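Right, one structure below, let's go through it.
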Amino acid sequence: MQLLSVPFLRRYGKPVVFALLLVPAAILVHNWWLAFEGLPNDLGFNPQEASNRFTGDWTLRMLLLALAITPLSKLLNSPKPILFRRMVGLYAFFYACLHIASYLWLDKYFAWGEVWADILKRIYITVGMAAFVLLIPLAVTSTRGWVRRLGSKNWQRLHKAVYAIGVLAVIHFIMMRKGFQVEPLIYAAILAALLISRVPEWVRKARRRNRKAAAA
Ligand code: HEM
């Protein structure tokens, strides 16, 4: 079908998805503009906390979306969703940068001593920082040039870190909310479903590797 052909999706689908994924950031900027103008906005009485939470939520959503693309592609038996994987992954990094900028600027006013103390003392910040640090090499090596430089196998191995990042991000959320709260558990369940959906493939690959080793 012409509408869903790969060239069509490359040419028109990508800019549309790019614009759609930018909407949350645009909503945030719009709300801050309203707040500065003294107009009613959705940031509430604590705009700093609202920004932290909004950007944290969207980082996690983008991460889960990026993780959902390969299973979706398998489910549809089509490589087309993969066209959008790099973009979604980079958006996860973009929202993570906004999240950290919001924390460093609005929460801590760039008081680096306090930031360091937070990282050492508040475990959920330590865990969030670990997730962010792991995300950096994935964003840097997301280009075709890096796939070539590292070799496809090594590149894929490195990018498996996205599963660990997902787990750390969910732990960060659960710890940050404290006590029993449903919302972080919903994200944890989605992540678990995405991880479980990959298990049969991992088992198949491990068996193939073992067979090859035995034959050798
Ligand atoms: C990939 C990395 C990260 C992800 C996916 C992530 C995600 C989240 C999520 C989902 C929340 C909860 C939002 C809500 O309550 O609705 C949150 C809260 C928070 N995160 Fe992160 N985070 C990440 C990294 C970090 C880092 C590196 C820091 C700080 C150095 C950080 C600091 C915070 C803080 C301070 C809050 C609490 C917000 C508040 O109540 O004011 N996060 N994060």
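Could you run through the stretch 175-192 and say how many residues are free of Cβ contacts under 8 Å to residues at least 12 places away in the same chain and either closer than 19 Å to Leu63 by Cβ or near the ligand (Cβ under 10 Å from one of its atoms) (or both)?
Of the residues in that region, 7 qualify.
What's the number of the only condition in (1) polar (S, T, N, Q); (2) surrounded by 13 or more Cβ atoms within 10 Å (Cβ to Cβ); (3) more than 8 Å from the ligand (Cβ to nearest atom) that Thr59 fails to meet?
With (1) polar (S, T, N, Q); (2) surrounded by 13 or more Cβ atoms within 10 Å (Cβ to Cβ); (3) more than 8 Å from the ligand (Cβ to nearest atom) applied to Thr59, the lone miss is (3).
Which of the residues that make up the stretch 1-29 are over 22 Å from Leu90 (Cα atoms), in a helix (DSSP H, G or I) and not polar (S, T, N, Q)?
Leu3, Leu4
Just for the stretch 8-49: of the residues that are basic (Lys, Arg) and at pLDDT below 95, which one is farthest from the chain's Cα centre (by Cα)?
My answer is Arg11.
Have a look at Ile119, Ile82 and point out the one that is aliphatic (A, V, I, L, M) and within 15 Å of the ligand (Cβ to nearest atom). Lay out the reasoning, then the answer.
Values: Ile82 fails: within 15 Å of the ligand (Cβ to nearest atom).
So the residue among Ile119, Ile82 that is aliphatic (A, V, I, L, M) and within 15 Å of the ligand (Cβ to nearest atom) is Ile119.
Report whether or not Arg198 is within 16 Å of the ligand (Cβ to nearest atom), at pLDDT below 95 and touching a helix residue (DSSP H, G or I) at 6+ places or on another chain (Cβ under 9 Å). Write out each step before concluding.
Values: within 16 Å of the ligand (Cβ to nearest atom): no; at pLDDT below 95: yes; touching a helix residue (DSSP H, G or I) at 6+ places or on another chain (Cβ under 9 Å): yes.
So Arg198 does not fit the description; no.
Among the candidates Ala214, Ala193, single out the residue that is among the hydrophobic types (A, V, I, L, M, F, W, C), farther than 19 Å from Lys153 by Cα, under 25 Å from the mean Cα position of the chain (by Cα) and assigned to a helix (DSSP H, G or I).
On the way: Ala214 fails: under 25 Å from the mean Cα position of the chain (by Cα).
Within the list Ala214, Ala193, the selection yields Ala193.
Of the conditions (1) surrounded by fewer than 16 Cβ atoms within 10 Å (Cβ to Cβ); (2) of a type in the set (Phe, Trp, Tyr); (3) under 20 Å from Ile186 (Cβ atoms), Trp116 clears all except one; give me its number.
Every listed condition holds for Trp116 apart from (3).
The values are calculated or read from the model by the stated rules, or taken from the named source; none is laboratory data. Predicted, not measured: the structure shown is a model, and the values here were computed from it. Note that we place each Cβ from the backbone using ideal geometry, even for glycine, and neighbour counts take in every protein chain shown.
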